[in-house]
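Novice: Starting off with a structure, shown below.
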Amino acid sequence: MKKTFTLKKSKNIYSSEHYTYVRLERTKTFFVHFIRILLLVAFLGIWELAATLGWADPFIISSPSRVIKQLVELYNTGSLSLHIFTTLKETMLAFLLSTVIGMALAIILYSISPLRRVLEPYIVILNSLPKIALGPLIIIWVGVGTNAIVTMGILICVVITTINLLNAYLEVPAEKIMLLRSMGANKFQILNRLVLPATLGNFMSTLKINLGMAWVGVIMGEYLSSKAGLGYLLVYGGQVFKLDLVMTAVVILCILSAVMYGIISIIEKIIVKKR
């Protein structure tokens with residue numbers, strides 16, 4: 001007969017030193033978050049005081065109270081959700097499409113070494129090319145509106161995604177690849193079992209970079225061709241010298257980008273825990 005053994009769970013499975021370490025780390029984390037909030041409150045307070053006390057012209061720098069007033073005005077007219085949703089939709093499209101296309105290109109270039117060597121200088125040139133210079137051509141090629149804006153976002157993100165992921169793939173140790181080859185693994189198995197898992201951290205970092213670049217590309221696209229969106233508010237506010245509107249659009253952009261960055265960071269932590 002086979003004997004079975006059961007382990008009794010102990011309530012005190014960690015040492016006192018471990019509990020001390022955990023409390024210290026939690027204290028440090030709390031302190032970091034507290035300082036962040038304190039800096040934000042201090043910045044907003046100084047900004048409001050500078051405008052109220054005349055340290056700077058409120059017409060030029062606006063103020064938190066003016067921004068809130070402008071937000072309420074946009075909300076009451078029903079245009080706030082329209083502009084936010086328009087830019088958010090375009091940014092998500094540019095972000096997702098550029099990530100998929102860039103990853104596919106990186107995998108193709110990694111898998112086909114001769115093609116990578118041929119196209120490498122052209123990729124470098126595309127990366128250094130100011131994408132705004134292609135604005136008029138983009139409008140002619142794909143038309144005005146959402147198509148042009150998303151295309152601009154993709155052009156800015158896709159080359160960076162390709163380069164970052166390709167470099168990460170090429171940095172995988174050759175010894176590990178040779179080991180899998182000696183065991184009979186083909187290119188797809190090496191890519192699926194070794195290269196992609198080993199570069200997961202680089203992929204998440206690329207997502208964070210892509211997110212910021214997608215916002216840049218979409219706002220640039222809305223500068224060129226848009227009838228709604230936060231970029232449209234920035235252009236319109238600057239044209240009519242309504243700087244409260246400009247600052248409001250900037251504040252909304254900061255909040256949205258911070259929220260999206262936080263979502264990616266949470267996803268990254270979940271993935272790391274599962275590994």
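The values are calculated or read from the model by the stated rules, or taken from the named source; none is laboratory data. Worth saying up front: this structure is predicted, and the values here are computed from it rather than measured. Note that we place each Cβ from the backbone using ideal geometry, even for glycine, and neighbour counts take in every protein chain shown. Side chains are part of the model used for accessible areas, which takes the heavy atoms of the whole protein and leaves out ligands, DNA and RNA. Shrake-Rupley method; radii C 1.70, N 1.55, O 1.52, S 1.80 Å.
Novice: Based on Cα coordinates alone, diagonalise the gyration tensor for the stretch 218-275, multiply each eigenvalue by 5, take square roots, and list the semi-axes in whole Å, largest first. Working shown, then result.
Specialist: Values: eigenvalues 219, 30, 6 Å².
Taking √(5λ) for each Cα gyration eigenvalue gives 33, 12, 5 Å.
Novice: Here is a follow-up. Just reorder ILE35, ILE149 by solvent-accessible area, largest first, 1.4 Å probe, all chains present.
Specialist: Working: ILE35 60, ILE149 0 Å².
Descending order: ILE35, ILE149.
Novice: Now for a different question. To the nearest 10 Å², what's LEU71's accessible area with a 1.4 Å probe?
Specialist: Surface open to solvent at LEU71 totals about 50 Å².
Novice: For the stretch 179-251, which chymotrypsin sites (Phe, Trp or Tyr not before Pro) are both in a DSSP coil and crowded by at most 12 other Cβ atoms within 10 Å? Could the numbers behind the result be given before it?
Specialist: Numbers: sites: PHE188, PHE203, TRP215, TYR223, TYR232, TYR236, PHE241; in loops: PHE241.
Here the chymotrypsin sites (Phe, Trp or Tyr not before Pro) that fit, given the DSSP loop and packing criteria, are PHE241.
Novice: What are the radius of gyration and Dmax of the stretch 10-104, computed over its Cα atoms and given in Å?
Specialist: In Å, with Rg to one decimal and Dmax whole: 23.0, 66.
Novice: Out of the total accessible area of the stretch 1-144 (probe 1.4 Å, heavy atoms of protein only), what percent is carbon and sulfur? Could the numbers behind the result be given before it?
Specialist: On the way: 8180 of 11280 Å².
Here carbon and sulfur together make up 73 percent of the probe-accessible area.
Novice: Something else: Comparing GLY143, GLY221, GLY135, which has the greatest mean-square fluctuation in the GNM of the chain with Cα pairs linked when under 10 Å apart?
Specialist: Among GLY143, GLY221, GLY135, the largest mean-square fluctuation in the Gaussian network model of the chain belongs to GLY143.
Novice: Which entries of LYS242/LYS269; LYS187/LYS208; LYS69/LYS273; LYS28/LYS242 show an alpha-carbon separation above 32 angstrom in the structure shown? Display every interim value, and only then the final one.
Specialist: On the way: LYS242/LYS269 41 Å; LYS187/LYS208 28 Å; LYS69/LYS273 43 Å; LYS28/LYS242 42 Å.
Check vs 32 Å cut-off fails for LYS242/LYS269; LYS69/LYS273; LYS28/LYS242.
Novice: If you don't mind, there's one more thing I want to ask. Once phi is turned into θ = phi - 60°, what whole-Hz ³J(HN,Hα) does the Karplus curve with 6.51, -1.76 and 1.60 give for every residue of the stretch 82-97, x standing for Gly and Pro?
Specialist: Once θ is set to phi - 60°, the couplings for the stretch 82-97 become 4, 5, 5, 5, 4, 5, 5, 5, 5, 5, 5, 4, 5, 5, 5, 5 Hz.
Novice: Over the stretch 148-244, what percent of the accessible surface lies on carbon and sulfur atoms, probe 1.4 Å?
Specialist: C and S atoms contribute 63 percent here.
Novice: Moving on. Across 10 Å bins from 0, what is the distribution of all Cα-Cα pair distances for the stretch 70-164, in whole percents?
Specialist: 15, 34, 29, 14, 5, 2
Novice: If you don't mind, another one. So who's got an amide H within less than 5 Å of the one on SER226, skipping anything under 5 residues away but keeping other chains? H placed 1.01 Å off N, in plane.
Specialist: Excluding prolines and chain starts, which carry no amide H, there are no hits.
Novice: Over all pairs of distinct alpha carbons, what does the Kirkwood formula give as the hydrodynamic radius of the stretch 11-169, in Å?
Specialist: Working: mean 1/r = 0.0474 Å⁻¹.
After inverting the pairwise mean of 1/r, the radius is 21.1 Å.
Novice: A further question on this structure: Can you compute 3J(HN,Hα) from phi for each residue in the stretch 50-58, using the Karplus curve 6.51 cos²θ - 1.76 cosθ + 1.60 with θ = phi - 60°, rounded to whole Hz and x for Gly and Pro?
Specialist: Running phi through 6.51 cos²θ - 1.76 cosθ + 1.60 with θ = phi - 60° gives 4, 6, 6, 8, x, 5, 9, 5, x Hz.
Novice: What do you get for Rg/Rh of the stretch 83-130 when both radii come from the Cα atoms and Rh is the Kirkwood radius? Could you put the intermediate results ahead of the total?
Specialist: Details: Rg = 14.6 Å, Rh = 12.6 Å.
Ratio of gyration radius to Kirkwood radius: 1.16.
Novice: Another question about this same structure. From the Cα trace of the stretch 116-208, what convex hull volume per residue do you get, rounded to a whole Å³? Numbers along the way, then the final one.
Specialist: Working: hull volume 12.0 nm³, N = 93.
It is 129 Å³ per residue.
Novice: Kindly provide the Kirkwood hydrodynamic radius of the chain in Å, to one decimal, from all pairs of distinct alpha carbon atoms.
Specialist: On the way: mean 1/r = 0.0440 Å⁻¹.
It is 22.7 Å.
Novice: Continuing with this model, one more query. Per residue, what accessible area does the stretch 114-238 have, given a 1.4 Å probe and all protein chains present, in Å²? Mind dumping the intermediate values first?
Specialist: Working: 6640 Å² over 125 residues.
Using a 1.4 Å probe on heavy atoms only, each residue of the stretch 114-238 averages 53 Å².
Novice: Taking the convex hull of the Cα atoms, report for the stretch 164-262 its projected area averaged over all directions, in nm². Present the calculation step by step, with values, prior to reporting the outcome.
Specialist: Numbers: hull surface 33.2 nm².
Mean orientational projected area (the stretch 164-262, Cα hull): 8.3 nm².
Novice: Still on this structure, please answer the following. Using 13 Å as the cut-off for backbone N distance, which residues of the stretch 47-63 belong to the label zone defined by a point 7 Å from the Cα of PHE241 along Cα→Cβ?
Specialist: Answer for this model: 59-60.
Novice: On full extension of the chain, what length is gained from LEU129 through THR27, given 0.36 nm per residue of separation minus the C-alpha to C-alpha distance? Kindly include the intermediate steps, with their values, before the conclusion.
Specialist: Values: separation 102, 0.36 × 102 = 36.72 nm, distance 4.64 nm.
So the extension gain works out to 32.1 nm.
Novice: Residue by residue through the stretch 223-239, what is 3J(HN,Hα) from phi via Karplus (6.51 cos²θ - 1.76 cosθ + 1.60, θ = phi - 60°)? Round to whole Hz and write x for glycine and proline.
Specialist: Once θ is set to phi - 60°, the couplings for the stretch 223-239 become 4, 6, 7, 6, 10, 7, x, 5, x, 4, 5, 4, 5, 5, x, x, 5 Hz.
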